[in-house]
Amino acid sequence: MASMRDIKRRKGSIQSTQQITKAMKLVSTVKLQRARQNAENSADYFSCMYDTVTSILAMAEGMQHPFLTGGKSGKKAVIVMTSNRGLAGGYNSNIVKLVTAGFAPEDTVIYAVGKKGRDSLAHKGYEVVADASEVVEQPTYPDAMALSERVLSDFADGKISEIYLAYTHFKNTVSHIPTLLKLLPVEIPEKDESEEKAVPVAPMNFEMDEEEALDMLIPKYVTSLIYGGLVEAIASENGARMQAMDSATSNAEEMIGDLTLLYNRARQGSITQELTEIIAGAGAIS
């Protein structure tokens, strides 16, 4: 059995750690309130932009544009959104697993948003061609636009043939879903034959040239999805960290209780031994 001094030292160490986890939980809770509000405010625009663009392209049949057909060569690009700090449960590892399960290092390049995902994927052999980890703390629409311009420029130059977004969808405070979304080439949803017969769909007419329209529409579409992913990722990160710190605090409380019981037993044993020695000494004198 460990000595009372060792038990007391161990208990003090856990109590100090518990104070840190409590503080981190409170900080994450405050950040989560603001991040959740931003995620909820942008969710409708995020989904509406995606549905609108895909529906427009679904009605514009026969269009030939690089944003629709994709590059003939080049690697697949994945915009990976993780955090700059750890202690968030499986938040970062889930995104890394999502990427490694769907993409091979030899034909994939990474546009990293977050140091944890960048370092993990680089260690696994993926090529990181861009690092925008500084935007994770307080993402803005111009940040998303800058990243979108970089990715679209590489796409137009033929360096990459497909663009994906790997982020964590914020469902609610306790539910965060790792999500992989294909941005380009735009995937046109398949038509339901029954619906097509029941409701005739008119072709999409563009007031300007089709290519000019897509040159204006698609960058806004990609920027909006990247920004929406950033906002949801921030909310998911703070929610995951809050849960992780809450669990750590509860585990520390349980360990402190066990050590307190162990300390009391050791103290009781020490007192019993002292009493036995006193009684034995008194008996020897008498």
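All of the numbers you see were taken from the coordinates with simple rules; none came from a lab. Computed from a predicted structure; not experimentally measured. Using ideal geometry, Cβ is built from the backbone for each residue, glycine included, and neighbour counts are taken over all protein chains shown.
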Compute the helix-to-body angle for 4-59: its Cα long axis versus the longest principal axis of the chain, expressed 0 to 90° and rounded to tens.
10 degrees
Show me, for region 87-95, the HN-Hα J-couplings you get by feeding each phi into the Karplus relation (A = 6.51, B = -1.76, C = 1.60, θ = phi - 60°), rounded to Hz, glycine and proline as x.
6, 10, x, x, 4, 6, 5, 5, 5
For L184, distant residues with modelled amide H under 5 Å away:
I163
With bins 5 Å wide starting at 0, give me the P(r) of region 143-182 over every alpha carbon pair, in whole percents.
6, 20, 19, 20, 14, 11, 6, 3, 1
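Over all pairs of distinct alpha carbons, what does the Kirkwood formula give as the hydrodynamic radius of region 245-285, in Å?
On the way: mean 1/r = 0.0805 Å⁻¹.
For region 245-285, inverting the mean 1/r across all distinct Cα pairs yields 12.4 Å.
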Of R85, R150, R267, which is the most mobile in a GNM of the chain whose springs link Cα atoms less than 10 angstrom apart?
R267
Short version: ³J(HN,Hα) in whole Hz for each residue of region 217-225, in order, from phi by Karplus 6.51 cos²θ - 1.76 cosθ + 1.60 (θ = phi - 60°), x for Gly and Pro, what are they?
6, 5, x, 5, 4, 5, 4, 5, 5
Can you sort M49, M242 by how many other beta carbons sit within 10 Å, fewest first?
M49, M242
Would you list which lysines come within 25 Å of K11, measuring only between C-alpha atoms, while excluding same-chain residues fewer than 8 positions from it?
K22, K25
Sequence-distant or interchain residues sharing an amide H contact under 5 Å with I79, placed H: which?
Y111, Y164, L165, A166
With θ set to phi - 60° and the Karplus curve 6.51 cos²θ - 1.76 cosθ + 1.60, what are the ³J(HN,Hα) couplings of region 150-167 in order, to the nearest whole Hz, using x for Gly and Pro?
5, 5, 5, 5, 5, 5, 5, 7, x, 6, 10, 10, 9, 10, 10, 10, 10, 9
If each of L26 and S55 carries a label point 7 Å out from its Cα toward its Cβ, how far apart are those two points in nm?
4.7 nm
Any lysines whose Cα falls less than 19 Å from that of K75, other than same-chain ones fewer than 8 residues away, would be K124, K159, K182
Hey, any idea what the orientation-averaged projected area of the convex hull of the chain's Cα atoms comes to, in nm²?
21.7 nm²
Give me the percent relative contact order of the chain, please, defined on Cα pairs under 8 angstrom at least 6 residues apart.
32 percent
How many nm separate the modelled label positions at Q19 and L261, each set 7 Å beyond the Cα in the direction of the Cβ?
2.6 nm
Would you mind counting up the charge near T29? Only other residues with Cβ under 14 Å from its Cβ, with Lys and Arg at +1 and Asp and Glu at -1.
+4
